[in-house]
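Take a look at the structure below.
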Protein chains: 2
Amino acid sequence: MTSTPKTAGAASAEYAHKLPTQEEDFSGWYTTLVRAAQLADYAPVKGCMAIRPYGFALWENMQRLLDARIKATGHQNAYFPLLIPESLLKQEAEHVEGFAPQVAWVTHGGDDELEERLAIRPTSEAIICHFYSKWIESYRDLPVLINQWANVMRWEKVTRLFLRTTEFLWQEGHTAHRTGEEAVEETLRMLEVYRAFLEEDLAVPVYKGLKSESEKFAGAENTYSIEALMRDGRALQAGTSHYLATHFAKVFDITFQDERGQRQYVHQTSWGTTTRLIGAIIMVHGDDTGLRLPPRVAPYQVVVVPIYRKEEERATVYAFVDKVKAALAEAGIRYTVDTDDTQSPGFKYNEWERRGVPVRFEVGPRDVAAGQVFAARRDKKEKTPIPLAELTARTRALLDDVQAGLLEQAKAFRAEHTSDADSLDEMARLLEERRGFVRARWCGSADCEATVKERTSATIRCLPLGEPDDPGACVVCGKPASRRVLFAKSY
Amino acid sequence: MTSTPKTAGAASAEYAHKLPTQEEDFSGWYTTLVRAAQLADYAPVKGCMAIRPYGFALWENMQRLLDARIKATGHQNAYFPLLIPESLLKQEAEHVEGFAPQVAWVTHGGDDELEERLAIRPTSEAIICHFYSKWIESYRDLPVLINQWANVMRWEKVTRLFLRTTEFLWQEGHTAHRTGEEAVEETLRMLEVYRAFLEEDLAVPVYKGLKSESEKFAGAENTYSIEALMRDGRALQAGTSHYLATHFAKVFDITFQDERGQRQYVHQTSWGTTTRLIGAIIMVHGDDTGLRLPPRVAPYQVVVVPIYRKEEERATVYAFVDKVKAALAEAGIRYTVDTDDTQSPGFKYNEWERRGVPVRFEVGPRDVAAGQVFAARRDKKEKTPIPLAELTARTRALLDDVQAGLLEQAKAFRAEHTSDADSLDEMARLLEERRGFVRARWCGSADCEATVKERTSATIRCLPLGEPDDPGACVVCGKPASRRVLFAKSY
């Protein structure tokens, strides 16, 4: 709802590369767009990024909506330390094996060398378990339902803005329960919270499912994930929810006294989503013109472009724009007015289309005379006049329509790019020609999983939940398989 | 607005130390209370802390209100990298001299030793200037008005929960302007935003003023601060706002092209407040019973304690409590209901008084019969019945009254503990006997400032803004001084 958008650096040569089409260079399209739309920029430390105001406003909207969903399911936020002593991180063997190669180590505080190396958290299970072992005493303390919004760091060899960065922002939930059943229920509840958030707020359709053993979280009993499909046909893991059973509780000695005075280990879960979701929004909705942001999370839902040629038109147009602003503000619609006098309307249209604003209002002298704005939607090439008197209701409806339309388009794209395969050859061909998800039967063996990966570079994204059995032969070894699982090449 | 408060670990021996009175041991009172009220806990890494859900809910409320004030003055949020290459941090000489002794250094990523050490940000001027030099090109890009909410780290030798921790949470604003006048205006605007936030939202009265040369931020031209008074008579610097002039712009080459095509350096500001403010709330309002939280930021504004002896009373009481909950929810009042069946009402009163909930509703069978709750306020020992029909309006009024009352009490305390001194002896005596702020004339010399510190351990907190001249003799050297400045012992 600000009226002075700053586009610092927009004109800089460094950010003004021509946007390739998705078809000719999807990866170049992505990286150019992230920087040209001023979502993020490279940091001096390899693999790190700065999230610029436009990108961060998007993240803030996402955060606000997801945070409300996390709190509505009974969770509270907290904050745990950034630094984890090496000895603590090493307590859970599988966990440290999974994360140690990616840890950034602090060895000096000021001029002094530390007695023990400290890890910058790659994830917070170890440090949080340390506290839970102190805080949990009795069954009356359970469940503990805590979430944290934080930065984490994983030393990545190959990085890409938002999708895989050395430092990223995320939320991580960490809960402790009296029974395994309760913990499994929580694991699935949060997976469903993620699904609803992605589909309803980000307009990104996802498959929910169980990860295979080889893809699960280091230290978990089970990992569930939501999987989205990007417009280049590759899948993106968009959120995970882990059932940790009592693995960490045993190592960190997290026990409670039950009603009969017996000591029991707690059953735990953890779950997380990250700034990588911004990458998903870009790659699910973006087109050759630029971003297309879902209205529910767009920093600006409407951009108003005043148009006038002669100086005497200026006052008339701006007087009308003031009325438009008042109507939008009253309706709680996030908007900006592009008041830059040094650029033409055409330049501004391109700029805001590239930045994905869902709806543009053009206001010229003739519109003022007719008492209307000319509304252009970003998701389709459609323009329609809206009389000022109907502005609030019609804009709301238009935004809802864009939101629903983006989800429908993404669903249609996913449907076109989800195929069944009954042989490894067919699978390889579909992954090449049609890309996307391939549903194929799998016997459950890690060897067959590895064979598929070698042959096609696709991995099992998940064993989808809630599907009926569909028995047949494993696509690799031909042994009996009870169902189909989702394979895809992925980010 | 949750109805199942978890008080995990409340019963633990580790957290159940008896609260000393403020008079007998203020420091023990503080630390015991922070842990007993479950605001925060010590981390395994010295000087770090975990902020527990109750403490973090307080911080979230503070953050939401301050963030709204920061955005209302035209700023946008962004996120900059945690890690700063050593070479970048060292560019501004004064800046690095001030911060290098406190930096935590990352030297290894995974198994590899890094080519260059990376600092965990102690503050973000250096890394942000790096980006501003890329993003700012033209006068049309200015002003840049960016704020960041982040964790930072300073290796501290002596630490105390919230007040001085190795890692802390804060917001840091970083702005760039066309002229020095504009930047000074911004510096003072944000100082005023901080004053209003502390007084109106936290009920903490502050003095605004300029720091002396010896106390200013490393790299700033001028530092302004707000200074609050704790109940032990020591001052706490509660927020700072720096005018950086072109010091950083020259070092990091941040220039813009003005309307005439000339290259100019930008003029910058930075300003910050931290989780230390939670310490201020505790030490300004807390009493021998525990916390007293200002309603505007309290996690729960009302705690409802259902009272019943016989099982048959239970249903009646809870049916009425449901109506109370509905009324509070509708009014947007944050509340919790203490449903723990294993504790007596008396125990619960103590517990929630210690945790500082501004208003308590007692609901017993006789209250239900009378169609009322019995409301006890935390700031005074006053109880009053409120009929259900008037609940919303009366509760709102009560909360406003508690908020105003806390500010008044804090102002009265500060007035009692602010004195004028006209000699060093008098100053020493007042600082000993009456504690608090002493207003004394100072000639401006660093030597005189150092003499006061040696003699009394008090420092110049600030040169208060907006006060008329009051010429006389410097309290140390007797040379002419145009005005009084604020001295105090401080945290």
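No value in this document is a laboratory result; all are computed from the given coordinates. Please read all numbers here as calculations on a predicted model, not as lab measurements. Virtual Cβ from ideal backbone geometry, glycine too; neighbours counted across all protein chains shown.
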Provide an ascending nm list, one decimal, of label-point separations from B:G371 to the equivalent residue in each further copy; define each label point as 7 Å from Cα along Cα→Cβ. 5.0
If contacts are Cα pairs under 8 angstrom and at least 6 residues apart, what is the relative contact order of region A:418-488 in percent? 38 percent
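Just checking the output field for A:40-51: average partner chain Cβ neighbours within 10 Å of each residue's Cβ?
Numbers: counts 2, 4, 3, 9, 12, 12, 2, 3, 7, 3, 11, 6.
So the per-residue partner count for this stretch is 6.
How large is the convex hull of the C-alpha atoms of region B:324-478 per residue, in Å³?
For region B:324-478, the hull spanned by Cα atoms encloses 173 Å³ per residue.
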Could you list B:K323, B:K216 in order of exposure, starting from the residue whose Cβ has the fewest other Cβ atoms within 10 Å? B:K323, B:K216
Sequence ranges A:49-58, A:149-158, ranked by mean other-Cβ count within 10 angstrom, highest first: A:49-58, A:149-158
Any idea how far the Cα center of region B:373-439 sits from the one of region B:250-264, in Å? 50 Å
Could you give the alpha-carbon Rg of the protein assembly as shown over 2.2 N^0.38 Å, rounded to two decimals? 0.99
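Per the Cauchy relation, a quarter of the hull surface: what is the mean projected area of the convex hull of the alpha carbons in region B:447-491, in nm²? Don't skip to the answer; put the middle values down first.
Details: hull surface 13.3 nm².
Answer in nm², one decimal: 3.3.
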Nm distances between the label at B:A326 and the same-position labels in the remaining copies, 7 Å along Cα→Cβ, shortest first? 3.9
Which value in deg cm²/dmol, rounded to the nearest 500, describes the helix-derived mean residue ellipticity at 222 nm for chain B, given -39,500 (n - 2.57) per DSSP H run of n ≥ 4 and division by the residue count? -10500 deg cm²/dmol
Can you work out the PRE-style zone for A:S423? Point 7 Å along Cα to Cβ, and I want the residues of region A:435-451 with backbone N under 20 Å. A:435, A:438-443, A:448-449, A:451
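Dividing the alpha-carbon Rg of region B:302-400 by 2.2 N^0.38 Å yields what?
Values: Rg = 12.5 Å, N = 99, 2.2 N^0.38 = 12.6 Å.
Taking the Cα Rg and dividing by 2.2 N^0.38 Å, one obtains 0.99.
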How shielded is B:161-167 by partner chains, expressed as the average number of their Cβ atoms within 10 Å of its Cβ atoms? 1
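If we count other beta carbons within 10 Å of each Cβ, what is the order of B:L407, A:L244, fewest first? Intermediate values should be presented prior to the final figure.
Values: B:L407 20, A:L244 27.
The order, fewest Cβ neighbours first, is B:L407, A:L244.
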Using label points projected 7 Å from each Cα along Cα→Cβ, tell me how many nm separate B:D112 and A:D253, to one decimal. 3.9 nm
Could you sort out which of A:K208/A:K489; A:K216/A:K250; A:K157/B:K134; A:K157/A:K453; A:K46/B:K90 sit more than 23 Å apart by Cα distance in this structure? A:K157/B:K134
Report the Cα centroid-to-centroid distance between region A:163-183 and region A:190-216 in angstrom, as an integer. 14 Å
Hey, got the average number of other protein chain Cβ atoms within 10 angstrom for residues in B:113-121? 3
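Classify region A:351-427 from the C-alpha gyration tensor, please: rounded if a/c falls under 1.5, else prolate or oblate depending on whether a/b exceeds b/c.
Numbers: a/c = 4.94, a/b = 3.15, b/c = 1.57.
Verdict is prolate for region A:351-427.
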Partner lysines for B:K381 [C-alpha distance under 19 Å; skip if fewer than 8 residues away on the same chain]: B:K348
Label 7 Å beyond Cα on the Cβ vector: A:A404 copy-to-copy distances, nm: 4.9
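Which order do peptides A:440-451, B:124-135, A:480-491 fall in by mean Cβ count within 10 Å, highest first? Display every interim value, and only then the final one.
Values: A:440-451: 17.5, B:124-135: 23.8, A:480-491: 19.9.
The most tightly packed comes first, giving B:124-135, A:480-491, A:440-451.
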Work out how much length B:K381 to B:D322 would gain on full extension: take 0.36 nm times their residue separation and subtract the Cα-Cα distance, in nm to one decimal. 18.6 nm
Could you work out how far the C-alpha centroid of region B:78-97 sits from that of region A:114-156, in angstrom? 28 Å
Near the amide H of B:Q38, under 5 Å away, which other amide H atoms are found, from residues 5 or more places off or on another chain, if H is placed in the peptide plane? none
I'd like the per residue volume of the convex hull spanned by the Cα atoms of chain A, given in cubic angstrom. 173 Å³
Anchor A:K71: lysines whose Cα lies under 18 Å away (excluding residues fewer than 8 positions away in-chain): B:K6, B:K325
Geometric extent, Cα atoms of region A:20-285 - Rg, Dmax (angstrom): 19.2, 67
